[in-house]
Structure formats: structure tokens, C-alpha cells
Amino acid sequence: MTPSPFTERAQSVLRAREAPDARRAAKEFAAQASRDTAFQLEACVACGQCAEACHFYLVTRDPRYTPIYKLKPMLDTYRRERAPFSMVTRALGLAPPEVTAEELNEWSELLYDSCNLCGRCTLACPMGIDIAGLVRRAREGMSAAGFAPPDLYAVAERALESGSPMGVRWPALKRQIELQERETGLKIPVDAQGADYMLVLSSMEVIGFSEIIGALARIFQQAKVSWTIPSAGFEATNVGVQIGSRDVAAALLSRIVDAAERLKVKSVISPECGHAYSALRWEGPNLLGRPYSFKVVQIVELLDQLVREGRLRTRGKDTRRLTFHDPCQIVRRGGLQQAPRRLMNQVSDGFVEMQDSGAASFCCGGGGGVSAIHRAEQLRLAAFECKQRQVEAVGAEAIVTACSNCRDVLEEAIEQREMTLPVLGLTELVAQYLEPE
Amino acid sequence: MGVLEFARGPALWFSLAVMIAGSLWRIAGICQLGGRPDLSEPRSARLWAGAIRGIFSRMIPRKEFRHSGRIGGLNACVYHIGIAVIVLGYLPHIHFIGRLTGLLWPPLPAPVVYLAAGFTFVALFIALVERLTDPVLRLLSGFDDYFSWLVVFLPLATGMIAINQSYSPGAAPALPLDPRPLAIHLLSVELLFVWLPFGKLAHTFLVFISRGVTGAASARKGAAI
């Protein structure tokens, strides 16, 4: 793996877990308080409305899971060190006390295990506070100071070392590509210089749902899309965004950017992975400190565009009662609410919407790195109850989604709750109904 | 100098000065923290439209969150509207604002304002009871929350006591027979003015900035506002 200028800084974040340091966390919390962040930290009126939006609170009724409460260490630090009247309140002894290691250890559960960064609370806040965005910032302090969950440090270490959070290297992807080439009879371009689109994948797709590669090969064949997969920098997921470390995130992201610039592609396709889209599309240029020389397009967005341009044609429709699970980072936080619905209607006769679908949809429970935290497993599975009620209420025979992590988390929860319905990937569903050549 | 002269004179000007200077200090203190430009390619460049939409859309909860079982949202609407009716619709208050700013407008009928005061009084009590009994609100609440409640409640309560004072239309009353109720009412309002920039009552102005910032950021992504 080629080291990037960000790698050394990322390694220092990993070393923080060896000696957790509350003072360092406080310093980072304070540094995160930029103007826009501070306006939001200052605006809270402690109304508690955000609790009713959070699935972790709704299933447990534990007030500690109130989203804004999860920000208490960061908010206290801001009030103590950066707020406009902090000098006066400190001098008068009225400032909140400094955060302690004990407090941060307790908040590790609140900021990681019980938050998917799904942003439903943001939508509910009457003050317009982007609570999920603030939790993402608070995680910067937690990870830099050694208070993030050990599982996420381990995943970050593996990703930095191997390029993938699951240790998937190029030979493993190459084998899957060859398998899909045999299945489809199509040549899958690798490292093609000057292609219009470069496809990156999540490890979950490579290991668990590799049919998506063949599905895309067939779709792009019909739509005459010039595309390629890079042999280096193919991993789309970004644990840096989940653990909350801009250095880890930048180190991982720079590999994709290097590949895109090396191959001189016009666009990078973000795959069926919610937080990968968030990292690549919205955080990426800010992490690297420069705009991209290419565009980023989410796969659902691209498929929708190809259908609307008449380049992607389907025949027939699925007659089962299908419902769509909205990946939070693609729909609510990513702005792609209508594209997956147009695609669903393109290939389904029985598409039914769950209650509160779209922007206010419930998270699967595994986003924001929660699915990688073993100690959070029971809480995550409990939080699925909100989604389960909605799925059962519409009598869906299958759930379709556009995020491989959601898919994996939903499958596990469905099995645990002894429900009997499959979870399908939207891209594969579209490929299934392609008009024959 | 009598207590009413004090409340109408030095105390009023001092409290107004603290409120204005404190508010400006708070806003300037936040602004000086600075920020970096967002380098990601926007899906929409209509950021001001997003900000304005963010400011207005959050005034009414989204339909998905209306049946949360928490009464705070609806109750807050009642006392915010009630306070607006009392402050902006009651003739003596219009005269008070008029003396400070030169702006005058027609008042609402007094019974409407009295009704609003009644609703506001009840709603503020409900807000306090909910804050004291609801586990989420109890956990979130601190000195600022309870003190801010008090400094909003006091002008309402003292105003209701002072309501029997007679006023000649178009002019400030000279010296009522008993100046104390009005003086106490004015002093309670001045306490609110002094506290406003420093505690959560600053949401009076911060709410618009916070909503606007999030609205603009969401519009940039084409995301739900």
C-alpha cells in the first residue's frame, strides 16, 4: 500500500488508544468549535424533542440516549474554553468542570454505540441544530484522545494497513471479478486509463454481495458506459469517518483520489454504501484540503440518470410486495430521495412505502460504525424494533436497499427476530430486469 | 428618585445596554471563531434559499415528529405565540416600545391579550412541570433552564398584577396611586433584558442563525431541510 502524507498522522491517532488523555480530547473538542458549529452548540434550549427521533431512545426509553445529551462533554468543553463568555465564567468559577477520563469512557458508549450518525434527530430539532454533524465532530476528540471503541481502532488499523476494513486485498477482488466475468460472459475493465467512470466498492460487497459487480457489468454493457475498477484504491468504505478521525479518513480517501487521478477518470462511482458516499462526496475535498479533479456520483444516482436518458432499459417487473429501506447517508443526509424511488417503480409492481419513509426513515441501527462495535450488538439489534414495526405494518415480502452495510445489518436483525423476508440490493434488482440485448 | 422613576430611567437604560452589548458580544464572539469554506461540489448553490427555508420550516414540526407523545413542542408554540400577542398587542406595551423606538401600531382588543396571558400563564406552568417530571428534560436541565423560565415568568406574573393600573390612551401614565406594581413589573422585564444574552434566552436570536446554517448546509447537499 502506497503511504500517503496523511498516513503518519493517522497512525498517531491509532497510538492514542494506548494512553487515553482527557486533556487532549478537550483540546480537540474546543478546536472543533468553528463558527457554524458554535452557533449550533449555543442554540440548544434543552427541549428534548430530539429524544423522540432517536431509535435508541425510543426502544430503551433511557434518557441518556437523548441525542443532544451525547454531546455533553463537547458542549461543556466549548462553554469552558471557547464560548464568548468563557473567560468571565472561568474567572467566576461558573464554567463547567474539565472533562475527565471517567466521563469520556462513559460517553464512548453514548457517542459511538448508541449513535448511527443517521441525522434523524437533526431533522427533528426545532432549533435546527445538526446534532448528527456535531456528534461526528465530537468523535474527532474521542478518537484523537484514545476514547473511541477498541473495535473501531482495530478496524482503522486494518484499513490503513491493508486498504480495507475487512482485510480485502486486490487478489481477493480479482478473484471475484474473474468469477463475475465467467458468470456474465463480459469483460470487466481493470485499471483502464481515461475511462468515464471509476467504480469503487465496499469490502462488504466484495465479500458478501459480489454479484453486484456482475450486475453493474451487465448494466454498463447495455448503457454503453465507459468504466473501470482500479486494482489499487478500490475500497470505498471509510472507517475514518465512523471513528471520527479526519486523519484516518483522509489517509483512506487519498487512495481513491490517487487512483482516480492516476487513471484520469471523469467520475468516481460511490457504491451501495451510505457512509462511503458521505466520505467521498461531501467530506472528501475538505479532508484533503482541495477540490477533486473528478466528479463523484452515487450508483443509484447514476442508474436513475441512465434510465432517464433512455440508455438503461428494463423489461418486466417484480410482482412481490417490495419496500425500500432508505440508507441515511444517501437519502436523508445525501439528498438522493427520489432517485431510488424512481428505480423501484421502474422494476417493481408492488412497491410500497413504509411509514415515515424517505427523509425521516429510521436507520437500520448499524450505521456510523455501530455494526463494527461488538459491545453494541444487543443495543443495535434492539434498535431494529423501530424498523421491524414499519416493515411489518406494510406487509412487505422483501426489503430493497442501496447500502451493503444496511443490507448486512438488516439480514442479521431479521434472522435474529425470526422474520422471513429477503433483503435485496437495488442495483442487482435493476440488473435482474434489464431488457435483453 | 422613586422606585418607578428608577425602573423607567436608569434601570431601563442599563438593562437595555446590557442586552444589546451582551447580544452583540455573544454573536461577535462566535463569529470570530471562523470557519473554512466547504470544498465539496454543491448540488445546489441556492444556499440563502435553503437558509430561509430552514428558518421557517422548523417553526412547525415535521409530520413524522408530531405524534411523539411529548407535549413540549405544542406547549412551546402556545407560550411563544402568547408572549408575542402580549408584548406586541397590548396597548401599554406598544406605548412602551413607542417611547423607545418611535414605532406605534394599533393594539389588539384587551380581552384578546388577557386571554393570551391566561394561556401563556398555564403553558409556562406546564413547561415547568414537564421539565421537572420528564426524565429526558430533567437530565438535560440545569440552572440556566430554570432561571430562564423564572425570568420569563416573572414579567408575566407581575404584569398580571399590574394590569389594574389605569392608562390614558396615547400617553405614559404619570404616577399611579400605587407605583409599586408597575415598578416591579418593569424591573422584572429589565431582569429579563439583562439575562437574555447570557443564557438560553439568547435563542431569541441564535435560533435564526442555527436554523439558517443547517438549512444552507442541507440545501448544499440537496438534503431534507
For this session: Give the Rg (one decimal place) followed by the Dmax (whole number) of the range B:92-169, computed from C-alpha coordinates and expressed in Å.
Result: 16.2, 49
For this session: Between the alpha-carbon centers of the range A:205-232 and the range A:48-72, tell me the distance in whole angstrom.
Result: 40
Problem set entry | Alpha-carbon centroid distance for the pair the range B:23-52 / the range A:361-437, whole angstrom | 36
For this session: Would you grab the residues whose amide H sits under 5 Å from the one on A:Thr314? Only those 5+ places off in sequence or on another chain, please, with H modelled 1.01 Å from N.
Result: A:Glu435
For this session: Evaluate the Kirkwood expression for the hydrodynamic radius of the range A:20-145, namely the inverse of the mean inverse distance over all pairs of different C-alpha atoms, and round to one decimal in Å.
Result: 14.6
Exercise. How high is the FRET efficiency between A:Glu411 and B:Trp13 when r is their beta carbon distance and R₀ equals 56 Å, given to the nearest 0.05?
Worked result: 0.25
Exercise. What net charge is computed for the residues neighbouring B:Arg46, neighbours being all others with C-beta under 14 Å from the C-beta of B:Arg46, Lys and Arg scored +1, Asp and Glu -1?
Worked result: +4
Exercise. When averaged across all projection directions, what area in nm² does the alpha-carbon convex hull of the range A:146-241 cover?
Worked result: 6.7
For this session: List the residues whose amide H sits under 5 Å from the amide H of A:Val190, counting only those 5 or more places along or on another chain, with H placed 1.01 Å from N in the peptide plane.
Result: A:Ile229
For this session: Give me the net charge of A:Glu103's neighbourhood, meaning all other residues with Cβ under 11 Å from the Cβ of A:Glu103; Lys, Arg count +1, Asp, Glu -1.
Result: -3
Seminar exercise, completed: In the protein assembly as shown, taking the dipole from +1 charges on Lys and Arg beta carbons and -1 charges on Asp and Glu beta carbons about the Cα centre, the listed residue (A:Leu434, B:His93, A:Thr77) farthest towards the positive end is B:His93
Exercise. If you find the alpha carbon centre of the range B:189-225 and of the range B:101-144, how far apart are they in angstrom?
Worked result: 19
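What whole-number value in cubic angstrom gives the convex hull volume per residue for the C-alpha atoms of the range A:162-306?
Hull volume normalised by residue count: 94 Å³.
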For this session: Springs between alpha-carbon atoms under 10 Å, Gaussian network over chain B: tell me which of B:Val85, B:Val112, B:Val194 tops the mean-square fluctuations.
Result: B:Val112
Exercise. When the label point is put 7 Å from the Cα of B:Phe119 along its Cα-to-beta-carbon vector, which residues of the range B:52-70 have a backbone N closer than 19 Å?
Worked result: B:59-61
Problem set entry | the range B:44-221 - Debye-derived log10 I(q)/I(0), Cα point model, q = 0.12, 0.13, 0.16, 0.18 Å⁻¹ | -0.71, -0.82, -1.13, -1.30
Problem set entry | Under 5 Å, built H, 5+ apart or other chain: amide partners of A:Ser348 | A:Asp318
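Per DSSP H run of at least 4 residues, take -39500 (n - 2.57); add these up for chain B, divide by its residues and hand me the 222 nm value, nearest 500 deg cm²/dmol.
So the helix-based figure for chain B works out to -22000 deg cm²/dmol.
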Seminar exercise, completed: Links exceeding 27 Å between C-alpha atoms in this model, out of A:Lys224/A:Lys295; A:Lys174/A:Lys224; A:Lys295/A:Lys387, come to A:Lys295/A:Lys387
For this session: Return, for the Cα atoms of the range A:311-432, the radius of gyration and Dmax in Å, separated by a comma.
Result: 14.0, 47
Exercise. Where does chain A land at 222 nm, in deg cm²/dmol rounded to the nearest 500, when only DSSP H runs of n ≥ 4 count, each adding -39500 (n - 2.57), divided by all residues?
Worked result: -14000 deg cm²/dmol
Exercise. Counting DSSP beta bridges with both partners in the protein assembly as shown, what percentage is antiparallel, nearest 5?
Worked result: 5
Seminar exercise, completed: What the 20 Å binned alpha carbon P(r) of chain A shows, as percent of pairs per bin from 0, is 26, 57, 16, 1
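Each reported figure results from applying straightforward, stated rules to the coordinates on display, with no laboratory input. From a predicted model like this one, the values you see are computed outputs, not experimental measurements. Note: ideal-geometry Cβ built from the backbone for every residue, glycine included; neighbour counts use all protein chains shown.
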